[in-house]
Amino acid sequence: MRTPFTAGNWKMNKTPVEAAALAQALLPGLTDVNGAELALCPPFVCLPAVAKVLEGTKIGLGAQNMHWKDAGAFTGEVSPLMLKGWCQYVILGHSERRQYFGETDAGVNQKVKAALTHGLTPIICVGEKLEENQAGQTGVVVTQQVRGAYADIPAAEAQRTIIAYEPVWAIGTGLAATPEGANAVIRQYIRAVLAEMYSPSVAEMVRVLYGGSVTAANAADLMAQPEIDGGLVGGASLKVDEFIAIARATAK
């Protein structure tokens, strides 16, 4: 049985003071949620402030990206060694990283390996663009991204990962995939690929989230799908009541 999991991706929002205040406002509602694991993923500069608020709670902390090298001449980057003292999770391969910063499947694979080496749980994002979806290329794109992310990763390590299916056309647009549609993509192009690469048992163990305009209004229907184990929540995670409602829907 997979434990449900939902994380809030705050993206490039909030100063450290604001992030701490938001985490503090979320705590009363989130600590009452049982039956699901939860995490907050603020910007790098906010990690220490949010970590302090979450100390002693069951709410996890995640980063939004990282480099695959431990150290080096990579100005502006953050290494896994810098994160492991603060975080348990790290989002990798988000579509915005792929679209605006040129991240490739090979680069995501390097980051996944580095995260696992340093005890971080990678949340690996996959998903198709609108034109790819309309051209019937969803399966090709998602399959390629999954295969690329997991290349040369042993089964024992693969089981520690989390995947987030985030159709690019649904991120920040107000358009969400139908629950049945998202469930079908996860079953056919994520779990089936993992089963082929590893085994059906490994595929069943990996938690797969849905991301893309998740709201309190659609969360229950999404989370009710058998292949959807939780959410990677963007804009709604910045709204206290909204994110608490999504977390509660995840637990149910």
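The values are calculated or read from the model by the stated rules, or taken from the named source; none is laboratory data. Owing to the predicted nature of the structure, the values given are computational and were not obtained by experimental measurement. All Cβ positions, glycine included, derive from the backbone under ideal geometry; neighbour counts span all protein chains shown.
Would you pick out the residues in the range 93-126 that are among the aliphatic types (A, V, I, L, M) and either without any contact (Cβ under 8 Å) to a residue 40 or more places away in the chain or not in a helix (DSSP H, G or I) (or both)? Lay out the reasoning, then the answer.
Here is the first cut: in the range 93-126, the residues among the aliphatic types (A, V, I, L, M) are 106, 108, 112, 114-116, 120, 123-124, 126.
Answer for the range 93-126, where residues must be among the aliphatic types (A, V, I, L, M) and either without any contact (Cβ under 8 Å) to a residue 40 or more places away in the chain or not in a helix (DSSP H, G or I) (or both): 120, 123, 124, 126.
Can you pull out every residue in the range 155-170 that is in contact (Cβ under 8 Å) with a residue 24 or more places away in the chain and either assigned to a helix (DSSP H, G or I) or under 14 Å from residue 199 (Cβ atoms) (or both)? So that I can check it myself, show each step before the final result.
Restricting attention to the range 155-170, the residues satisfying the condition of being in contact (Cβ under 8 Å) with a residue 24 or more places away in the chain are 155, 157-170.
Answer for the range 155-170, where residues must be in contact (Cβ under 8 Å) with a residue 24 or more places away in the chain and either assigned to a helix (DSSP H, G or I) or under 14 Å from residue 199 (Cβ atoms) (or both): 155, 157, 158, 159, 168, 169, 170.
Looking at this structure, is residue 112 β-branched (Val, Ile, Thr) and farther than 23 Å from residue 212 by Cβ?
Numbers: β-branched (Val, Ile, Thr): yes; farther than 23 Å from residue 212 by Cβ: no.
No.
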Study note, to complete from the structure: Of the residues in the range 38-56, those that are buried (at least 22 other Cβ atoms within 10 Å of the Cβ) and either of a type in the set (D, E, K, R) or in contact (Cβ under 8 Å) with a residue 40 or more places away in the chain (or both) come to 38, 39, 40, 41, 47
Review point. Name the pairs: first residue in the range 65-81 and farther than 20 Å from residue 10 by Cα, second residue among the polar types (S, T, N, Q) and at pLDDT below 95, Cβ to Cβ under 7 Å, at least 6 apart or on different chains?
Key: none
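Would you check if there is a residue in the range 5-13 being outside any loop (DSSP other than H, G, I, E, B), over 16 Å from the mean Cα position of the chain (by Cα) and modelled with pLDDT of 95 or more? Please lay out each step first, then the result.
Taking the range 5-13 as the starting set, the residues that turn out to be outside any loop (DSSP other than H, G, I, E, B) are 5-9.
Restricting the remaining residues to those that are over 16 Å from the mean Cα position of the chain (by Cα) gives none.
No, that holds for no residue.
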Study note, to complete from the structure: Filter the range 224-252 for residues that are charged (D, E, K, R) and part of a helix (DSSP H, G or I); the one that is farthest from residue 2 (Cα to Cα) is 241
